Every structure is written in C-alpha cells, then in structure tokens.
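Encoded as structure tokens, the structure appears first; notes follow it.
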Amino acid sequence: MSLSDQLYATPAYRDLIRQKTAAVVALTVFFIAYYFALPVLVGYWPELMARKVWGHANLAYLFAFSQFLMTWAIAYLYMRFAGRYDRMTASLLAEAPGASSAGLPEGGS
C-alpha cells in the first residue's frame with residue numbers, strides 16, 4: 001500500500017475532504033441563489049426593484065452592486081477556510097509515516 005493510499009484511508013483525511021466539500025458546496029449554492037435573485041426579482045417584482053432609494057439609484061442597482069461585495073465576502077470566507085484546511089493537511093502529513101522521505105511537502109499544501 002502506497003503512502004498516498006495510507007493517507008486516503010485515514011479518518012483525518014476523510015474529515016478534511018468532508019469539511020472542504022461542505023464549505024465549497026454551501027458557498028457555491030449561496031452564490032448561485034444570490035446571483036439569480038436579481039433577475040428573478042426584476043422579472044417578478046419590477047415595481048419593488050424600481051423603487052428609488054438614493055438619488056437615481058434604485059433597489060435593482062443597489063442589489064447588483066451588492067453582488068460585487070458578496071463575491072468579495074465569499075472569497076474572504078474561503079481564504080479563512082483554506083487556512084484551516086492547510087493546517088489540517090500539514091498535521092495529516094506530519095503524522096504520516098515516511099511523509100518527508102516520500103517527497104511530500106512539509107508544513108502545508
């Protein structure tokens with residue numbers, strides 16, 4: 001059994017993949033729902049989205065702008081998650097027998 005097969009079989013590796021998949025799926029579903037909310041709202045409730053909120057800016061413009069902010073927020077959240085995944089990977093590799101002799105990176109991914 002190779003070193004990679006041994007790592008894949010560990011509960012810590014499966015936990016890492018489970019957490020990473022859960023985060024990526026949740027963030028992706030939120031992004032898609034938020035992204036498609038604008039055309040749905042404009043299509044089904046145009047009177048709401050046409051409401052002026054500040055000068056000539058209406059709710060639709062503000063919602064569209066908020067999508068840029070939301071994308072940056074998701075990127076920031078994923079960066080925080082990725083740091084945790086890197087630490088989990090480093091711990092997994094440190095515990096693996098012969099990881100450094102197999103040419104695997106030490107201290108992160």
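The values are calculated or read from the model by the stated rules, or taken from the named source; none is laboratory data. Nothing here was measured: the structure is a model prediction, and the numbers come from that model. Every residue, glycine as well, gets a Cβ built from its backbone with ideal geometry; the counts of neighbours run over all protein chains shown. For accessibility, only protein heavy atoms count, side chains too; no ligands or nucleic acids. Shrake-Rupley method; radii C 1.70, N 1.55, O 1.52, S 1.80 Å.
If you go through segment 1-50 and keep only what is of a type in the set (Ser, Thr, Tyr) and either outside any helix (DSSP H, G or I) or modelled with pLDDT of 95 or more (or both), you end up with SER2, THR10, THR21, THR28, TYR34, TYR35, TYR44. Picking from residues in segment 11-35 that are out of contact with any helix residue (DSSP H, G or I) (no Cβ under 7 Å at 6 or more places or on another chain) and of a type in the set (Ser, Thr, Tyr), the one that is nearest to ASP86 (Cα to Cα) is THR21. The residues of segment 44-83 that are under 18 Å from ALA26 (Cα atoms) and in contact (Cβ under 8 Å) with a residue 12 or more places away in the chain, listed by number, are GLN67, MET70, THR71, ILE74, LEU77, TYR78, PHE81. Scanning segment 27-53 for residues that are open to solvent by 60 Å² or more (accessible area, probe 1.4 Å) and among the aliphatic types (A, V, I, L, M), we see that the one that is nearest to the chain's Cα centre (by Cα) is VAL29.
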